[in-house]
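One structure is given below, encoded as structure tokens.
The values are calculated or read from the model by the stated rules, or taken from the named source; none is laboratory data. Here the structure is a predicted model, which means the values were calculated and not measured. All Cβ positions, even for glycine, are placed from backbone atoms using ideal geometry, and neighbour counts span all protein chains on display.
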């Protein structure tokens with residue numbers, strides 16, 4: 001895990017773009033997201049653009065455009081996303097996974113337009 005964190009730091013991912021206030025209970029989750037998830041996922045509150053692997057593999061979803069529940073985020077963290085094909089499993093664990101999941105559940109989807117979820121009709 002330490003090697004992965006150092007590798008991400010070397011790639012230029014950091015917490016400079018995090019817009020969550022430093023005194024917010026969501027700040028640590030935002031910083032963890034920026035440090036561990038920035039290579040694939042875009043999320044404005046964490047200051048991430050998902051540019052780390054653009055030339056190699058498919059990007060993770062833009063979380064600006066996609067709402068997520070805490071439970072779904074924890075599932076994705078633990079299982080390597082929903083397809084299990086690209087996202088590494090357990091990129092964060094324990095309390096850190098909880099913090100990332102709470103942060104993503106709160107801030108994801110803020111740029112989403114109204115669209116039907118699977119099994120629902122459009123508004």
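Of 75, 107, all but one fail to be at pLDDT 90 or above and touching a strand residue (DSSP E or B) at 6+ places or on another chain (Cβ under 7 Å); the exception is 107.
Could you go through region 6-28 and let me know if any residue there is under 15 Å from residue 100 (Cβ atoms), at pLDDT below 90 and not in a loop (DSSP other than H, G, I, E, B). Yes, region 6-28 contains at least one residue that is under 15 Å from residue 100 (Cβ atoms), at pLDDT below 90 and not in a loop (DSSP other than H, G, I, E, B). Does residue 92 qualify as being within 21 Å of residue 16 (Cβ to Cβ) and modelled with pLDDT of 85 or more? Spelling it out, residue 92 is indeed within 21 Å of residue 16 (Cβ to Cβ) and modelled with pLDDT of 85 or more.
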